[in-house]
Amino acid sequence: MTEAIDLLRDPWSLEFMRRALLAAMVVSAVAAVIGSFVILKGMAFIGDALPHASFGGVAVAFVLGANLYLGGAIAAVLTAILIGFVSRRGLIKYDTAIGILFVGAFAAGILIISRQNNYTPDLFSFVFGNVLGVSWNDVWTTAALSAVILLLVLLFYKEILFVAYDPSMAAASGLPVAAIQYGLLALIGVTTVIGLQTVGIVLVVALLVTPAATAQLLTRRLPPMMAVGALVGVLSSLVGLYIAYYADVAASAAIVLTATGFFALAFLFAPGRGLLWQRRFAPAERA
Amino acid sequence: MASGNPALPPPSLALEAQDVWAGYNGSLALEAQDVWAGYNGYPALEGVTFNIETGCLGGLVGPNGSGKSTLLRVILGLHRPWRGEIRLFGSTERPRRRLGYTPQSEQVDWSFPVTVLDVVLMGRYGRLGLVRRPTKADREIAMGALESVRLADLAARRIGELSGGQQRRALVARALAQEADLLLLDEPLAGLDATSQHDLLALFEGLRQKGKTLIVATHDLSCVAADFDHAILLNRRVVAFGRPKEVFTEELLNATFERHLLLVRLGDRTYVGHD
């Protein structure tokens, strides 16, 4: 018994593990809240695009010797706004605008970095994430930004919900629809940048999409969906870090795969909606 | 398209006194004057001119692509006309609170995780202003709107779980929660069975009795012929505008729909089908 408790407590005797857990939990919780809007609006692609686009800003910041996350955040938010601007003209589709702009910004990052001789591990941590290497400074920055994002969602919940659900009616009611859509894009941009640190460019979309999608299968209204999504994100961080510690595998991948596992469970067993539930009860209903 | 079955319109809705509008107080709810509008240089509306009196049930009739939705969007102020003028209640200002709108059913995301009450409460959001939360009073108004469309017992249901007819009524309830005086309804009758259409038409009639003005975009010519005060035949331009029994002639309908339609007149009623 004490052995089991020791197994559970052991990883957290290390300070870098405690920092990693805190950072991962905060990021995955806020990503699930923002991610709820992302999946409901069918914007998963943008969750993939913005982290990639942020790489352009990271590269510029790297060359200038500035804060890499600040550079990434600026690039992500700028790209988000540009995507909104280009697609609002109505000449090309939303996902086309995303495809053009994020690859452009990502390529700009590669171009800039290719002129540098000294690739540092720093830069690679952006691609694959380095949650075990976060400093207390990183943790507090992440927590502060997450608090701001959650506060904005809380304050403007009504507006974001209305615009997400029915933009034309929202506009007819006099809501500043364009401003709210741009604001949501900017929030997604900032969320992806704080997620970079934990899981990196390639995997950050999973934090936005997977816990929120899991929660969608288990809930019926948006506020519980956000809460359950945050819980799934937090649990994925915890379980993922245990797996990383004991199996000695990459923490970012372990966190993401744990979330994928939770989604698979919900997909199979969600009450009323899961695959097995439907298998079991659907024939009886049809008869 | 237009239903050809003369048995469909329910007799209970036959309006003996079609010449009296319950809510009519002599003023105009809407005046459209030479409205031109379109997209990317292609016109969708060409010189649209008509009036709708307050307390009147107006049918906006035309084939797909005739500009019905564009006209509603121009009236709402969501689409800027190239030229021309819309006056609502005598003013060129958009009285947003007095303007209710229900979009086409296909434009609504029915899978969104919101309850029926959540959707109806959105009717209050425009009044609330930024950041402020709906109050108990707003909830009561929303529940009242649900009661008037007979959906109060389904308030906690997820909107996607309702039947097609119930969903349309929920959207009308949202416009009612807005306490709008002019309701613009885009294809509320489309795809509904006869009973649901009947429910919705009875609801429209009740709203008109209360002095609301309704403009209903629809394909259903028989409903307009039977129950509406006004018909606007639209095919980018206004082909005709007036009482249904005056404008529903074969010549005008064929000009509107660019195909041959069959008119059957039974007493005071007109039924439209196609051959």
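Residue by residue, here is whether (1) within 17 Å of A:Ala230 (Cα to Cα); (2) within 14 Å of chain B (Cβ to nearest Cβ); (3) of a type outside the set (Gly, Ala, Ser); (4) out of contact with any strand residue (DSSP E or B) (no Cβ under 6 Å at 6 or more places or on another chain) holds:
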residue: A:Met17; (1), (2), (3), (4): no, no, yes, yes
residue: A:Ala29; (1), (2), (3), (4): yes, no, no, yes
residue: A:Gly42; (1), (2), (3), (4): no, yes, no, yes
residue: A:Ala53; (1), (2), (3), (4): no, no, no, yes
residue: A:Ala66; (1), (2), (3), (4): no, no, no, yes
residue: A:Ala76; (1), (2), (3), (4): no, no, no, yes
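Just to be sure I understand, how many residues within region B:81-124 are at the interface with another protein chain (Cβ under 10 Å from one of its Cβ atoms), part of a strand (DSSP E or B) and more than 18 Å from B:Gly165 (Cα to Cα)?
2
State all residues of region A:114-173 that are away from chain B (no Cβ under 14 Å), surrounded by fewer than 21 Cβ atoms within 10 Å (Cβ to Cβ) and of a type in the set (Phe, Trp, Tyr); if no residue qualifies, say none.
Within region A:114-173, A:Tyr119, A:Phe124, A:Phe128, A:Trp136, A:Trp140 qualify.
Looking at this structure, is B:Thr49 surrounded by fewer than 23 Cβ atoms within 10 Å (Cβ to Cβ) and polar (S, T, N, Q)?
Against the criterion (surrounded by fewer than 23 Cβ atoms within 10 Å (Cβ to Cβ) and polar (S, T, N, Q)), B:Thr49 qualifies.
Step by step: first the residues of region B:125-137, then only those that are within 11 Å of chain A (Cβ to nearest Cβ) and of a type outside the set (A, V, I, L, M), then the one that is farthest from B:Leu203 (Cα to Cα). Which residue is that?
It comes out as B:Arg132.
From (1) in the same structural domain as B:Ser69 (by TED's automatic domain parsing); (2) surrounded by fewer than 24 Cβ atoms within 10 Å (Cβ to Cβ), pick out the condition that doesn't hold for B:Leu263.
Looking at each condition in turn, B:Leu263 falls short on (1).
Sort out which residues of region B:73-87 are out of contact with any Pro (no Cβ under 6 Å at 6 or more places or on another chain) and among the β-branched types (Val, Ile, Thr), and write them in order of number.
B:Ile75, B:Ile86, listed by residue number.
Scanning region B:64-80 for residues that are more than 14 Å from the chain's Cα centre (by Cα) and under 13 Å from B:Ala32 (Cα atoms), which turns out farthest from the other protein chains (Cβ to nearest Cβ)?
Looking at residues that are more than 14 Å from the chain's Cα centre (by Cα) and under 13 Å from B:Ala32 (Cα atoms), I get B:Val74.
Checking the conditions here, which among A:Ala253, A:Ala284 is in a helix (DSSP H, G or I) and either at pLDDT 95 or above or surrounded by fewer than 19 Cβ atoms within 10 Å (Cβ to Cβ) (or both)?
A:Ala284
Give the residue, chosen from B:Leu146, B:Leu189, that is surrounded by 20 or more Cβ atoms within 10 Å (Cβ to Cβ), part of a helix (DSSP H, G or I) and free of Cβ contacts under 8 Å to residues at least 40 places away in the same chain.
After applying the criteria, what remains is B:Leu146.
Can you go through A:Val239, A:Val228, A:Val232 and tell me which one is touching a residue at least 60 places away in the same chain (Cβ under 8 Å) and part of a helix (DSSP H, G or I)?
A:Val232
Quick grid of which residues meet (1) crowded, with 16+ Cβ neighbours inside 10 Å; (2) at pLDDT below 85; (3) assigned by TED's automatic domain parsing to the domain that holds B:Phe50; (4) within 19 Å of B:Gly67 (Cα to Cα):
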position: B:Leu234; (1), (2), (3), (4): yes, no, yes, yes
position: B:Val238; (1), (2), (3), (4): yes, no, yes, yes
position: B:Arg259; (1), (2), (3), (4): no, yes, no, yes
position: B:Tyr271; (1), (2), (3), (4): yes, yes, no, no
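Of the residues that make up region A:174-190, is at least one in contact with a Leu (Cβ under 8 Å, 6 or more places away or on another chain), touching a residue at least 12 places away in the same chain (Cβ under 8 Å), more than 14 Å from every other protein chain (Cβ to nearest Cβ) and closer than 21 Å to A:Leu238 by Cβ?
No, region A:174-190 contains no residue that is in contact with a Leu (Cβ under 8 Å, 6 or more places away or on another chain), touching a residue at least 12 places away in the same chain (Cβ under 8 Å), more than 14 Å from every other protein chain (Cβ to nearest Cβ) and closer than 21 Å to A:Leu238 by Cβ.
Note down all Cβ pairs under 7 Å where the first residue falls in region B:33-46 and is more than 14 Å from chain A (Cβ to nearest Cβ) and aromatic (Phe, Trp, Tyr), the second is in a strand (DSSP E or B) and exposed (fewer than 13 other Cβ atoms within 10 Å of the Cβ), and they're at least six residues apart or on different chains.
Cβ pairs passing all conditions: B:Trp36/B:Arg83.
Which number in (1) free of Cβ contacts under 8 Å to residues at least 24 places away in the same chain; (2) within 13 Å of chain A (Cβ to nearest Cβ) marks the one condition that B:Glu140 misses?
For B:Glu140, the exception is condition (2).
For region B:96-117, which residues satisfy the criterion of being among the aromatic types (Phe, Trp, Tyr) and more than 15 Å from the chain's Cα centre (by Cα)?
Within region B:96-117, B:Trp110, B:Phe112 meet the criteria.
Kindly indicate which of B:Pro63, B:Pro10, B:Pro43 is touching a strand residue (DSSP E or B) at 6+ places or on another chain (Cβ under 7 Å) and either outside the structural domain of B:Ala226 (by TED's automatic domain parsing) or at pLDDT below 90 (or both).
B:Pro63
Checking B:Gly267 against (1) at pLDDT 85 or above; (2) among the small types (Gly, Ala, Ser); (3) more than 12 Å from the chain's Cα centre (by Cα), only one condition comes out false. Which one?
Going through (1) at pLDDT 85 or above; (2) among the small types (Gly, Ala, Ser); (3) more than 12 Å from the chain's Cα centre (by Cα) one by one, B:Gly267 breaks only (1).
Scan region A:82-102 and tell me whether some residue there is part of a helix (DSSP H, G or I), in contact with a His (Cβ under 7 Å, 6 or more places away or on another chain) and either away from every other protein chain (no Cβ under 14 Å) or surrounded by fewer than 17 Cβ atoms within 10 Å (Cβ to Cβ) (or both).
yes
Within region A:256-274, track down each residue that is of a type outside the set (Val, Ile, Thr) and surrounded by 17 or more Cβ atoms within 10 Å (Cβ to Cβ).
Once the filter is applied, which keeps residues that are of a type outside the set (Val, Ile, Thr) and surrounded by 17 or more Cβ atoms within 10 Å (Cβ to Cβ), region A:256-274 yields A:Leu257, A:Ala259, A:Phe262, A:Phe263, A:Ala266, A:Ala270, A:Gly274.
The values are calculated or read from the model by the stated rules, or taken from the named source; none is laboratory data. On a predicted model such as this, the values are computed, not experimentally measured, just so you know. Cβ sites come from the backbone with ideal geometry, for glycine too, and all protein chains shown count toward neighbours.
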